[in-house]
Amino acid sequence: MLRARRLCYDAGTMNALLDKPSLVGLGRGELAQVFARLDVPEKARAMRVAQLWNWLYARGATAFDQMTVLSKDLRAQLGEHYCLARPDIVSEQVSADGTRKWLLRLAPAAPGAGGPEVETVYIPEETRGTLCISSQVGCTLNCSFCHTGTQPLVRNLTPGEIVGQIMVARDRIGDWPGAEADDPRGLPESERKITNIVLMGMGEPLYNFEHVRDAMGIASASDGLAFSKRRITLSTSGVVPEIPRWGAEANTMLAISLHGVRDELRNELVPINRKWPIAELLEACRQYPSLSNAKRITFEYVMLKGVNDSIAEAKDLVRLLKGIPAKINLIPFNPWPGAPYECSDWEQIETFAEVVNRAGYASPVRSPRGRDIMAACGQLKSASLKQRARVAATAK
Ligand code: SAH
Ligand code: SF4
């Protein structure tokens, strides 16, 4: 069965043109089935899959005609039944600091219905470029400081929609090998703009386990999108039973949304803590495969004024993480309308960071990027919708 069924759009008009499934997001086994359906003889399929895979994921082909290694006839057959569509771009915004944000429309539940939307953000820095991708539309969890948490889960993203976010970003920032390049291996890591993938957009990735796993399998295949697993980070609010499974089946880098050092407070901030409290979460972290100083778990800690930002809590945080190869990422709270919190004062964040630094942790304070295009964590999509509503209101 093909999972990634998506309408092909004319990018300019966004009119659905053809109801053909997209090959984006399919694994090798599924691509072999595509060739079986096209009556390609079994002994030729493995080679065809390798060729298609290369054009799809290493070179970023957007049309079958580019795949000159396949016969004209086979290209025509592929084009008759399939497409290479990525999620549709509804809007693209570029911040003054270079951060880019795409609002993407996914396939609707039924033809003619409006498709749900998610956001993808690209954050360029001096030494790396990070792409923040979404795994669900909405979220089933209700973290009290997160805007996504106020939105019900609409649905899980398919592997094609997850991989498609990476491919859209590569299309838009020119991160595929040039058309003239004859090298089938894609851009070498040193020349790429997107160097890191973080699953920190909308949704809880471990509640869409199989699709996220399959998508990251494609993202990390060395003959495809070719992101090293060391450069892919999955962030979870703490779905404890899925952590060892993720370690066994995907084993990317891991980030934990900790945000509180006492169960009583974390129950309130990250309610999944009632099911799997801090001690169980940290035990799962300790067991995560192949941890070392070079492969550390990132603990995310959102700075909420007067809630979790005391010096005593900074000291407890350090005590709690003792023995786990860890990085601590302090995130200034990104406020949203109606949010019951404020961001900690800057001096408080610095004092908190000092305690953490003195204990030997590099604790970069994640500087807010792309504020002018509302690209901040926990604000994705909802804020853009509000902005569009405002623009529409003022245009009336
Ligand atoms: N669901 C996953 C991944 C998505 S959220 C998780 O919770 O880890 C990515 C990160 O942004 C998490 O650490 C989350 O706690 C944080 N976040 C959410 N809303 C935020 C806000 N308003 N300000 C700052 N960080 C926020
Ligand atoms: Fe969901 Fe993560 Fe937001 Fe919590 S912080 S509501 S898990 S997206």
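The values are calculated or read from the model by the stated rules, or taken from the named source; none is laboratory data. Everything quoted here is computed from the prediction, not taken from an experiment. We place every Cβ from the backbone using ideal geometry, glycine too, and count neighbours over all the protein chains shown. The area values use the complete protein model at the heavy-atom level, side chains included, leaving out ligands, DNA and RNA. Shrake-Rupley method; radii C 1.70, N 1.55, O 1.52, S 1.80 Å.
Screening 286, 296, 319 for residues that are buried (at least 16 other Cβ atoms within 10 Å of the Cβ) and of a type in the set (D, E, K, R) leaves exactly one candidate, 296. When residue 205 is tested against (1) more than 16 Å from residue 131 (Cβ to Cβ); (2) within 10 Å of ligand 1 (Cβ to nearest atom), just one condition goes unmet, and that condition is (1).
Number of residues in the range 322-361 that are open to solvent by 30 Å² or more (accessible area, probe 1.4 Å), of a type in the set (Phe, Trp, Tyr) and part of a helix (DSSP H, G or I): the value is 1. Summed over the range 228-265, the residues that are of a type in the set (A, V, I, L, M) and either closer than 23 Å to residue 309 by Cα or in a helix (DSSP H, G or I) (or both) give a count of 7. Taking the condition of being over 13 Å from the mean Cα position of the chain (by Cα), within 13 Å of ligand 1 (Cβ to nearest atom) and within 15 Å of residue 217 (Cβ to Cβ), how many residues in the range 228-264 meet it? Count: 1. What about residue 267, is it over 13 Å from the mean Cα position of the chain (by Cα), free of Cβ contacts under 8 Å to residues at least 12 places away in the same chain and within 16 Å of ligand 1 (Cβ to nearest atom)? In short, yes. Taking every residue in the range 236-247 that is farther than 19 Å from residue 301 by Cβ and open to solvent by 20 Å² or more (accessible area, probe 1.4 Å) and pairing it with any residue that is among the hydroxyl-bearing types (Ser, Thr, Tyr) and outside any helix (DSSP H, G or I), at least 6 positions away or on another chain, the pairs with Cβ-Cβ distances below 8 Å are 242/236; 244/288. The residue list 130, 150 contains one member that is among the β-branched types (Val, Ile, Thr), open to solvent by 50 Å² or more (accessible area, probe 1.4 Å) and within 13 Å of ligand 1 (Cβ to nearest atom), which is 150. Residues in the range 283-304: is at least one within 15 Å of ligand 2 (Cβ to nearest atom), at pLDDT 95 or above and over 22 Å from the mean Cα position of the chain (by Cα)? Yes, that holds for at least one residue.
Considered as a group, the residues in the range 271-282 that are in contact (Cβ under 8 Å) with a residue 24 or more places away in the chain and in a helix (DSSP H, G or I) include one that is surrounded by the most Cβ atoms within 10 Å (Cβ to Cβ), and that residue is 273.
Within the range 159-192, being closer than 24 Å to residue 235 by Cα and modelled with pLDDT of 95 or more holds for 159, 160, 161, 162, 163, 164, 165, 166, 167, 168, 169, 170.
Each residue in the range 78-104 was checked for being farther than 14 Å from residue 119 by Cα and open to solvent by 60 Å² or more (accessible area, probe 1.4 Å), and 4 of them qualify.
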